[in-house]
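Some notes on the structure that comes next.
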Amino acid sequence: MMVRRRVSPAGGAPFRGLAAAGAALLLAGLPAAPAVADEESTSEHTLTMAVSQEVDTLNPFTAIRLISTSAMRLQYNYLTMYDPESDEVIPGLAEEWAPGEDEDGEVDPSVWTYQLRDDVTFSDGEAFDADDVVWTFNTMKEEEDGANTALANYVKNLEEATALGDHEVQLTFDEPVALGEHMRVPILPEHVWSEIDDLAEFTPAEEDDFPVVGTGPFVLTEYVPGQRLVYEANDDYYDGRPAFDRVVMEYYDEQDAQVEALRSGDVDFIQSLTAAQTEELSGEGEGNIVVNEGLGRRFLGFTINPGAEARNGDEIGDGHPALQDKTVRQAIMHAIDKEDLVDRVYGGYAEPAEGNIPARFENFYYVPEGDDRIDFDPEEAERMLDDAGYEMGDDGVRESPDGDPLEFRMIVHLDDPDRVRTGESMVEWLGDIGIAVDQQNVDSGEVGEYLDAGEYDLIFTGWSVNPDPDSILELHTCDARPAEPGDGMSSDSWFCDEEYDELYAAQGVEVDADERAAIIQEMQAILYDEAVMNTLVYPRQVEAYRSDVIEEGSMTPHPDPGGIFYGQDDMWSWWTAEPAETDAGSGLSTTALVAIGGAVVVVVAGVGFVLWRRSATAGDRE
């Protein structure tokens, strides 16, 4: 079964390219402007978005944070992508793909073959071919705890990647894999990355590392730690040059500062608005600001330190010993009122969460029932703690049977007002059942350091979930922990459970969609019952942008309609974004607008080219 290519939903890119070319022709016919004016009103268009999280690395092999993976989707491509309207898998660098066949002619999903595009070049002009795919996958397979830190789940059963031709690749696994068409692995240029000595530690940082070579619609040209990432449009992007010449990710550590930057025009796009900010920006007097409320793919929650250990058994950090007791962890969950969080903290822009896969992915969505539920019930929490011997002290704080006060540290993202307020509510609720919590609000870049060091008791977390949830499930396997203290890890919880691992392995080789969904729901039931990885809410993502810079309606949401722009599974929003006609960057002065009338002939002449180009592009995509 070969999968046919589908028409990309962003097929307008070539048209935009012509529009830009037309604008350039128009401007070429205008009187020369003063030099200073030229610098301030060039024909270049920049889209600046505010981000609150600093990248952990610019190395695709090891990047984990949402900001890092979101940024890299601008500069790299995968073999396949997701259609924003249907979430179905569509071609990326691979035009077609198919599982193999065994000797009896039956489908053999332990072998996958990919037919690659033959019209792709890297941003440095080198041709993309099968060797780049083979090198990327085989390097991840061979470089344990280095080049597979963040993407290990895609190669755990890989025997080898083989080039069958210049543009044909075969991946052979030692057992059937369900991920054959969901390989979310950025394909890297072998001629660049094979020259790097230490793939585990490398991140582009020196002047010579820029521009960073990739196949994506944008090229990373500048990175200033703690300040910004700068991307330039890739003129030779195989599916059409973006309309914006530059995308800048500007770092702001406070959400309120992002809102003011949007108002002042210092940035053009912000995300993760609080309910109060949403109501404020949606009100009157914000004429150039458009608010988008979308169905997100994130969950927010917290993990409880179950006694962090490396895979070799060495203990890590200083988690409170009482938290190794499931009774204490479940009592904590009984004390938290998720409905109240939705109402008071999120102003209704969220839903209570149980499993770690949002309802958007309905096949995998988990809802506990009956006696399995751990609902808000502080009286039940107190009963459980009393029965387990955690007696209440005179100071209102319980002690464990070993005499340890139930005094926990809770690490919260300082830059997220919703999480800070959620933490404050938890402090109050847990205090009511005799658990004292010291809430420590820290910069988001430090949260991961506390997690990796195991120096916390409760720590906030949140993840974006892909249409295929394998990656999010892998975070809680025993192998996601470091091999030994100091090694890299992908674990988000230090969770390790034999039954969970067996189910994780089973879902990875189950090719029946319904059977696999049932296994994945069973995995979430284990996480829910163990109360180490605890989800609180599925927030609806609220974003805002300036319509005098970004043409309203030009950005493709995911899902489409009703989806989000920031943190998508791919990069539809930024690739399809078009400059507003009123954007100062267009350089269209009144004189220029008058001159447009004289240039109609140019546009009309271009129509034939548009039709020809559109036809050619559609043909390429079918």
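The values are calculated or read from the model by the stated rules, or taken from the named source; none is laboratory data. Nothing here was measured: the structure is a model prediction, and the numbers come from that model. In this analysis, Cβ positions are derived from the backbone assuming ideal geometry, glycine residues included, and neighbour counts consider all displayed protein chains. Surface accessibility is based on the protein's heavy atoms, side chains included, excluding ligands, DNA and RNA. Shrake-Rupley method; radii C 1.70, N 1.55, O 1.52, S 1.80 Å.
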Item to check | Vicinal HN-Hα couplings computed from phi for the stretch 94-107 (Karplus, 6.51 cos²θ - 1.76 cosθ + 1.60; Hz; Gly/Pro x) | outcome: 9, 7, 9, 7, 6, x, x, 10, 8, 5, 8, x, 7, 4
Checklist outcome for this item: With +1 on the Cβ of every Lys and Arg and -1 on the Cβ of every Asp and Glu, the dipole magnitude of the chain about its Cα centre, in debye rounded to the nearest 20, is 3040
Checklist outcome for this item: Calc'd 3J(HN,Hα), the stretch 216-232, phi into Karplus 6.51 cos²θ - 1.76 cosθ + 1.60 (θ = phi - 60°), Hz, glycine/Pro = x, comes to x, x, 10, 10, 6, 10, 7, 9, 10, x, x, 10, 7, 10, 10, 10, 9
Checklist entry - In whole Å, how far is the Cα centre of the stretch 289-353 from that of the stretch 71-102? => result 32
Checklist entry - Among the helices of the chain (complete DSSP H runs), which have Cα atoms covering no less than 30 Å along the helix axis and a Kyte-Doolittle mean of at least -0.5? => result 600-621
Checklist entry - In Å², what does the accessible area per residue of the chain work out to with a 1.4 Å probe? => result 42
Checklist entry - To the nearest 10 square angstrom, what accessible area does Trp429 show with a 1.4 Å probe? => result 30
Checklist entry - Which residues' amide hydrogens lie under 5 Å from the amide hydrogen of Leu47, considering only partners 5 or more residues apart or on another chain, with H built in the peptide plane? => result Arg246, Val247, Val248
Checklist outcome for this item: Of the accessible area of the stretch 106-238, computed with a 1.4 Å probe and all protein chains kept, carbon and sulfur make up a percent value of 38
Checklist entry - Antiparallel as a % of all DSSP beta bridges within the chain, to the nearest 5? => result 80
Item to check | Whole-angstrom gap from the stretch 124-170 to the stretch 365-431, using each part's C-alpha centre | outcome: 45
Checklist outcome for this item: Relative contact order as a percentage, the chain, C-alpha pairs under 8 Å and 6+ apart, gives 21
Item to check | Segment Ala518-Asp432, length gained on full extension (0.36 nm per residue, minus Cα span) | outcome: 27.2 nm
Item to check | Top positive-direction residue, dipole computed over the chain with Cβ charges, set Pro401, Ser194, Phe565 | outcome: Phe565
Checklist outcome for this item: Of Arg398, Arg409, ordered by accessible area with the largest first and a 1.4 Å probe, the sequence is Arg409, Arg398
Checklist entry - Between Gly92, Trp112, Leu458, whose Cα lies farthest towards the positive end of the dipole of the chain when Lys and Arg beta carbons carry +1 and Asp and Glu beta carbons carry -1, centred on the Cα centre? => result Gly92
Checklist entry - If you compute mean projected area of the Cα convex hull in nm² for the structure shown, which of (1) 32.4; (2) 36.0; (3) 30.1 do you land on? => result (3)
Checklist entry - Using 7 Å Cα-to-Cβ label points, what is the Glu446/Asp235 separation (nm, one decimal)? => result 4.6
Checklist outcome for this item: Full extension between Arg311 and Glu293 adds, at 0.36 nm per residue less the Cα distance, a length in nm of 2.3 nm
Item to check | Listed residues Met533, Ile519, Gly486: farthest to the positive end of the dipole of the stretch 442-543 (Cβ charges) | outcome: Met533
Checklist entry - If you find the alpha carbon centre of the stretch 223-244 and of the stretch 493-516, how far apart are they in angstrom? => result 38
Next on the checklist: Quick check: residue separation of Ala257 and Glu502 times 0.36 nm, minus the Cα distance between them. What number comes out in nm?
Outcome noted: 83.6 nm
Checklist entry - Put a dot 7 Å past each Cα toward the Cβ at Ala453 and Glu362; how far apart are the dots in nm? => result 4.6
Checklist outcome for this item: Simple spin-label estimate for Val397/Thr121, 7 Å along Cα→Cβ, in nm, reads 6.6
